[in-house]
Amino acid sequence: MNRIYKIIFIGLLFTSPAVFAQTVKISGFDREDTRDINFEIIGKVNSNILVYKNIRSKHKINVFDRDMNTLETVKLDFIPDRTFNIDFVAYPDHFYMIYQFQKGNILHCMAVKMDAQAKRMNEPFEVDTTRIPVMSDNKIYSTIYSEDRSKIVIFKIQTRFQKFNMQSLLFDSDMKLLNKNRHLADYNERRESYDNFLVANDGSFVFTYAKQSGNRDNSNFLNLVFKAPLQNTFTYRDIDLQEKYVDEIKLKIDNRNNRYILNTFYYKKNRGSIEGLFTGVWDKANEKIYASQFTELYDSLRYEAKSGGLLRFAFDNFFIRQIVVKGDGGFILAAEDYTTDTRGNNFNRYDYLYNPYSLSSGGYYYNPYTGYYRPYNRFDNQSTRYYCENILVLSISKTGILEWSRVLHKSQFDDNEENFLSFSTLTSGNEIHFLFNNDKKFQVITDQGITPDGTVKRYPTLKSDQKGYEFMPSLSKQVGARQIIVPCAYRNNICFAKVDF
């Protein structure tokens, strides 16, 4: 084990006489932990930091102590060959690993309980099985869990013969089955979409349904779809769009106030330019709309947010990245300017959002596995440049009214991978930290905080005291009130940094 251990103390915050120190500790790495591996930060279990790693058919979990020393590397020898998509649900003193593997034409979904040392606390048990057709997608099971982790839902979606067929399994925190449900509906894969599958703390299952008037058109019909924990049927409720068009709908659960929050950019005409933000708030208890608001984004904000081009196109490449719910039911929304260029072919939001293969690569099953670390593909013949530009931050009240707006300026690009681009957030007390690389070598993390009244604070940057560490803030995970784990690369190896604020 080649161990690298670095601690950085960053001095006084210039906007305050108080001392603001950030401590960074970087783990070591094994020689086989190259940039070709897949990984997932499981989280903090007891005082240990757990990270899952996979390369080809090898699966392992690294156990780090509070100083990011490697306590143990646990090989997951019990995982069969042809295992796909491993999910984790972490608790203070244990975690569940949920995985699926294929044997013949049968997919098996399994679960196992593990402790803070990544040792099994029971034998793996079968959750569900599925017989799959030849040449269909074999990554079909999705795992979601509630904000308080008291409820877990494992579901699968099949779309064949113009039917939407979904089966969901609801479990409690001990993986005891509470409800099993199947939902069948007519389905046109080119004009209809289901997305945003979430589970509330009480076990309610909710998602969105949108319909387009034509292929690659914007949606002009939106439903909120939900069911109570033990209910056997789903309820569809229309969301009035007032003859406007939307895309990229984002759903957030406000567990404290018992509401569902919908956000999407809207258009006044089909395939036009983005005019503003639509916010819809659904009251769960009374099963009705609590608030509905179309907020037009004004010209001065467009001027500040745009990275180039005409003013009316300023938000056309912005995508909603994060929504943080406040205690009173309001929320902070962050969107980012994102584009790609493949050998001169610029892709716009219609290419991203209306790809005919977006439901699944096999055309039969819903596959939710996007937004993870993508190993560098050095053998790809196509050269793609990724751009991640400014961040738009909006504060919205519980009734959907815009309270304030801010633009965090950044300019990022990289060729053939986007792991070092974009941003992450850390919510700490009454402040949200936005973390992103803003240098070409990805070795310095910019830290800008935003307070509830919209005040922007610029904190000292984060970096290693030794050159060569490249950070991936967008793939980080918050594991404590003021603690975050950030993946990083050292030469051709992957390691992890623990940052305490």
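Fewest first, what order do Glu123, Glu336, Glu296 take by the number of other Cβ atoms within 10 Å? Mind dumping the intermediate values first?
Numbers: Glu123 9, Glu336 23, Glu296 12.
With the sparsest Cβ surroundings first, the list reads Glu123, Glu296, Glu336.
Could you tell me the relative contact order of the stretch 420-501? Use alpha-carbon pairs under 8 Å, at least six residues apart, and round to a whole percent. Provide the component values of the computation, followed by the final result.
Values: 182 pairs, mean separation 20.1, N = 82.
For the stretch 420-501, the relative contact order is 24 percent.
Please work out the C-alpha center-to-center distance from the stretch 130-197 to the stretch 462-501 and express it in whole Å.
When both Cα centres are located, 34 Å separates them.
Would you please name the chymotrypsin sites (Phe, Trp or Tyr not before Pro) within the stretch 114-223 that are DSSP coil residues with at most 15 other C-beta atoms within 10 Å of their C-beta?
Answer in residue order: Phe161.
Apply the Karplus curve 6.51 cos²θ - 1.76 cosθ + 1.60, θ = phi - 60°, to the phi angles in the stretch 456-464 and return the couplings in whole Hz, x for Gly and Pro.
Ordered by residue, 3J(HN,Hα) equals 9, 10, 9, 8, x, 6, 9, 7, 7 Hz.
What is the dipole size for the stretch 200-351, taken about its Cα centre, with +1 at each Lys and Arg Cβ and -1 at each Asp and Glu Cβ, in debye to the nearest 20? Working shown, then result.
Values: 21 positive and 20 negative charges, 41 e Å.
My answer is approximately 200 debye.
Name the long-range amide H neighbours of Asn201: under 5 Å, sequence gap of 5 or more, or other chain; modelled H, no Pro or chain starts.
Long-range HN contacts for Asn201: Glu147.
With the dipole of the stretch 81-181 worked out from charges on the C-beta (+1 for Lys and Arg, -1 for Asp and Glu) around the Cα centre, which of Met121, Pro92, Ala111 lies farthest toward the positive end?
Ala111
Can you give the FRET efficiency to the nearest 0.05 for Ser173 and Tyr303, using r as the Cβ-Cβ distance and R₀ = 41 Å? Walk me through the intermediate numbers first.
Values: r = 49 Å, r/R0 = 1.19.
That pair, Ser173 with Tyr303, gives E of 0.25.
Which whole-Hz ³J(HN,Hα) couplings does the stretch 271-288 yield from phi under the Karplus relation 6.51 cos²θ - 1.76 cosθ + 1.60, θ = phi - 60°, glycine and proline marked x?
6, x, 9, 5, 9, x, 10, 9, 10, x, 10, 9, 8, 5, 5, 9, 6, 7
Ranked highest first by average number of other Cβ atoms within 10 Å, how do 104-116, 43-55, 452-464 line up? Working shown, then result.
Numbers: 104-116: 17.5, 43-55: 19.1, 452-464: 15.7.
Most protected by this proxy first, the peptides run 43-55, 104-116, 452-464.
Compute, for the chain, the length of the dipole vector about the Cα centre, with Cβ point charges of +1 (Lys, Arg) and -1 (Asp, Glu) only. Units Debye, rounded to 20. Before the final figure, lay out the partial values.
Numbers: 66 positive and 59 negative charges, 123 e Å.
Charge dipole, the chain, about its Cα centre: 580 debye, nearest 20.
Pick out, from Thr279, Tyr260, Leu311, the residue whose Cα sits farthest towards the positive end of the charge dipole of the stretch 233-317, with +1 on the Cβ of Lys and Arg and -1 on the Cβ of Asp and Glu.
It is Tyr260.
To check my understanding: the extent here is largest minus smallest coordinate of the Cα atoms along each principal axis. What are those three numbers for the chain, in Å, largest first?
Result for the chain: principal-axis Cα extents of 59, 57, 48 Å.
Only four residue types carry charge here, +1 at the Cβ of Lys and Arg and -1 at the Cβ of Asp and Glu. Report the dipole size of the stretch 404-479 about the Cα centre in Debye, rounded to the nearest 20.
Dipole of the stretch 404-479, to the nearest 20 debye: 220 debye.
Positive end of the charge dipole of the stretch 190-336 (Lys, Arg +1 and Asp, Glu -1 on Cβ, about the Cα centre): tell me which of Gln322, Thr208, Tyr194 has its Cα farthest that way.
It is Tyr194.
No lab work stands behind these numbers, since they all come straight from the coordinates. Computed from a predicted model, the values in this text were never measured in an experiment. Reconstructed Cβ throughout: ideal geometry from the backbone, glycine too, with neighbour counts over all protein chains shown.
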